[in-house]
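The structure under discussion appears below in the form of structure tokens.
The values are calculated or read from the model by the stated rules, or taken from the named source; none is laboratory data. Keep in mind that this is a model prediction, so the values were computed, not measured. Cβ atoms come from the backbone with ideal geometry, glycine included; neighbour counts cover every protein chain shown. Note: areas computed on protein heavy atoms with side chains; ligands, DNA, RNA excluded. Shrake-Rupley method; radii C 1.70, N 1.55, O 1.52, S 1.80 Å.
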Amino acid sequence: MPPGITFGDFYNILPELVLTAGSLVVLIADVLLPRRSGGWLAWITLIVIGATLASLVPFRETRVEVANGLIAVDQFALFFKVVFLGAAALTVLMSVRYLEIEGASPGEYYFLILCATLGMMIMAGGIDLITIFIGLETMAVSFYILAGFIKPNQRSNEAAVKYFLLGAFSLGILLYGMSLMYGLSGTTNLRVMAMTFAGQESDPRLILAVMLVAAGVGFKIAAVPFHMWAPDVYEGAPTPITAFLSVGSTAASFAMLLRIFLEGLPSMKPEWRVLFEGLAIVTMTVGNLAALTQSNLKRMLAYSSIAHAGYVLIGVVAGTPRGVAAMLIYVLVYAFMQLGAFIVIVLMRRQDIVGDELKDFSGLHVRHPFAAFAMLMFMLSLGGIPPTAGFMGKFWLFGAAIDAGYVWLAVIGVLNSAISLYYYIRIVVFMYVKKETAGSEPTMSPALGIALAVAVIATIALGVYPRLLFELAEASARTLGAAAITTAIR
Amino acid sequence: MPTLNQYLVLSATLFAIGTAGVFIRRNLITILLSIEIMLNAVNLTFVAFGRALGAVDGQILVFFVITVAAAEAAVGLAIVIGLFRHSESLNPDSFASLKW
């Protein structure tokens, strides 16, 4: 293997370089621009995100390994990168007003959002333990700070401490598993590792490594029983950060999970399949049952996002290209509906009212018909009702499970969707049926309006016309260690 | 010269001590220290494997782990200080404004 990094390597990581340079521009602009210019910073951040998206265009067909196999540039990574950048853009749009109300300094805030996005992009591309680890930590450390960004608010501080402690603890577990993987294979590169492990007797130490890595990743995607941090962090963190955390961080962790298990450990498929099967069932069920009793909307969405992580895990259990494609679709669809729901919660935020309690939503359709309609669409989509994108996502996921011979797993998924409808519909009942309008007046701003419109249109359009998305997702899924996947199928 | 297995037993013991510390100790700073012990157990495993395999990948990864652990400790201590200003306490059980 030739040492050194060539100029071509730098060209292939152009999007990451653009994002890094852009995040520094935001940091410098914060110093140069006069105080109270948070709006300008938000637009600069959006331009940086747009430039990064544009720099992804030349890599639509690229499939290479960069820097001696540290990062893969392929359609799988590309799909995730688009999801991350889209989620970051919507997060920035919903943050402008929120930061003004909270009186927090915007400079470092937008910089950290871009840093977290950069970490996610590296996680999606990483095919080496070193790059995956660095990407994960770039993302996680940014989120630790962002979760506690509203310093005068004790709840925000508590959320940061809890997220940090459990995040660091899970990092230790994940790294210990990675160290065993390295020791048993003699390489940090996942693709070389897969070749080393192929045809080997399954070693009990390797099974331990699989369990440790699964537990470490389980913390990041908030799979039961590693979900304890999620409700507290989601409730305490600033609302836009909660939204970005639940969409971006979870999606990036799923990308990492697929890279490690499908690219690095396909030979252990029977073992980790059983593991994720159990995790998926427990996560779906516990998440949905716990969400039933919540009266705080952010907390309810936390449990609902735990349940959704359980649905997505079904795709990992299937482990086929179709299952991976279904996961990609679900991650994208979920990004729009989950971010959309959080945009509506941000709308309810006023100087004195947090606006995340269920009662704040009573009679919303009288006060703000568009916000109520948007929330209705997001709730239907999260619950998986037909004309919306959430239905298509669940349809492909459960279809992939049946395709791979896991009919009863799909049945449990459908039963869980039925349970989840109860608490999603409850919000709709509060908005449309309740007469008293005790809550606050929602305040719209141009940025919030754009973000909300984008989320609603995407949620409906992807439900009505999913064909293009499905073709893209399937092509992307095929690039994920294609050889590894096909050899592991029985 | 200690053998690879002796190193691995030592690092597994360290890892267990760190994990136990996270669950047993009721002080945020001590919990942080326990997490650092876990990360050092990881470092020892990487270095021991790297030496046994005659490869440098393990040692290189350890550099990254040390750097990231330092960054994480800096951020973590800042977050803990921020919380201490509100509550004047380092006991995780006393933070009840969010259901733990």
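Find the residue count for region A:294-345, including only residues that are of a type in the set (A, V, I, L, M), open to solvent by 10 Å² or more (accessible area, probe 1.4 Å) and more than 21 Å from A:P386 (Cβ to Cβ).
Residues flagged as of a type in the set (A, V, I, L, M), open to solvent by 10 Å² or more (accessible area, probe 1.4 Å) and more than 21 Å from A:P386 (Cβ to Cβ) within region A:294-345 amount to 0.
Please return the ranges of helices (runs of 4 or more DSSP H) entirely within region A:115-231 where 2 or more residues are under 20 Å from A:S23 (Cβ atoms).
Details: elements: A:129-147, A:154-185, A:190-197, A:204-220.
Correct list: A:129-147.
Starting from region A:401-427, take each residue that is among the polar types (S, T, N, Q) and part of a helix (DSSP H, G or I) and list its partners that are modelled with pLDDT of 90 or more and open to solvent by 40 Å² or more (accessible area, probe 1.4 Å), counting only C-beta distances under 7 angstrom and pairs at least six apart or across chains.
Going by the 7 Å Cβ cut-off, the qualifying pairs are A:N416/A:T285.
Name the residue that is nearest to B:S94 (Cα to Cα), counting only residues in region B:20-36 that are at the interface with another protein chain (Cβ under 9 Å from one of its Cβ atoms) and aliphatic (A, V, I, L, M).
Selected residue: B:L28.
A:M139 - would you say it is under 27 Å from B:A73 (Cα atoms) and in contact with a Gly (Cβ under 6 Å, 6 or more places away or on another chain)?
Values: under 27 Å from B:A73 (Cα atoms): yes; in contact with a Gly (Cβ under 6 Å, 6 or more places away or on another chain): yes.
So A:M139 passes the test.
How do the pairs read when you match residues in region A:267-292 that are open to solvent by 30 Å² or more (accessible area, probe 1.4 Å) with residues anywhere that are outside any helix (DSSP H, G or I), using Cβ under 6 Å and keeping only pairs 6 or more apart or on different chains?
Pairs that qualify, where the first residue is open to solvent by 30 Å² or more (accessible area, probe 1.4 Å) and the partner is outside any helix (DSSP H, G or I), are A:S267/A:A198; A:V282/A:V224; A:V286/A:V224.
Tell me, which helices (runs of 4 or more DSSP H) lie completely within region A:310-384 with 1 or more residues that are farther than 19 Å from A:V428 by Cβ?
By residue number, A:321-347.
Kindly evaluate A:E100 against the criterion of being acidic (D, E) and open to solvent by 10 Å² or more (accessible area, probe 1.4 Å).
Judged against the criteria, A:E100 is a match.
Name the residues in region A:429-460 that are in a helix (DSSP H, G or I), touching a residue at least 24 places away in the same chain (Cβ under 8 Å) and open to solvent by 20 Å² or more (accessible area, probe 1.4 Å), would you?
Answer for region A:429-460, where residues must be in a helix (DSSP H, G or I), touching a residue at least 24 places away in the same chain (Cβ under 8 Å) and open to solvent by 20 Å² or more (accessible area, probe 1.4 Å): A:F430, A:Y432, A:I450, A:V454, A:I460.
Is region A:192-199 home to any residue that is within 9 Å of chain B (Cβ to nearest Cβ) and either among the aromatic types (F, W, Y) or under 29 Å from A:I113 (Cα atoms) (or both)?
The answer is no; no qualifying residue exists.
Quickly run through region A:364-387 and pick out the residues that are crowded, with 24+ Cβ neighbours inside 10 Å and within 16 Å of A:L469 (Cα to Cα).
None - no residue of region A:364-387 is crowded, with 24+ Cβ neighbours inside 10 Å and within 16 Å of A:L469 (Cα to Cα), so the list stays empty.
Take the residues in region B:51-66 that are at the interface with another protein chain (Cβ under 9 Å from one of its Cβ atoms), free of Cβ contacts under 8 Å to residues at least 12 places away in the same chain and assigned to a helix (DSSP H, G or I), then tell me which one is surrounded by the most Cβ atoms within 10 Å (Cβ to Cβ).
B:D57
Pairs, please: C-beta under 8 Å, at least 6 apart or cross-chain, first residue outside any helix (DSSP H, G or I) and in region B:13-31, second at pLDDT 90 or above?
That search, which allows pairs on different chains as well, returns B:R25/B:I31; B:R25/B:S34.
Of all residues in region A:52-72, which are assigned to a helix (DSSP H, G or I), surrounded by 15 or more Cβ atoms within 10 Å (Cβ to Cβ) and of a type outside the set (V, I, T)?
Once the filter is applied, which keeps residues that are assigned to a helix (DSSP H, G or I), surrounded by 15 or more Cβ atoms within 10 Å (Cβ to Cβ) and of a type outside the set (V, I, T), region A:52-72 yields A:L53, A:S55, A:L56, A:F59.
Restricting attention to region A:138-164, which residues are at the interface with chain B (Cβ under 7 Å from one of its Cβ atoms) and open to solvent by 20 Å² or more (accessible area, probe 1.4 Å)?
Residues satisfying the conditions are A:V141, A:I145, A:K151, A:Q154, A:R155.
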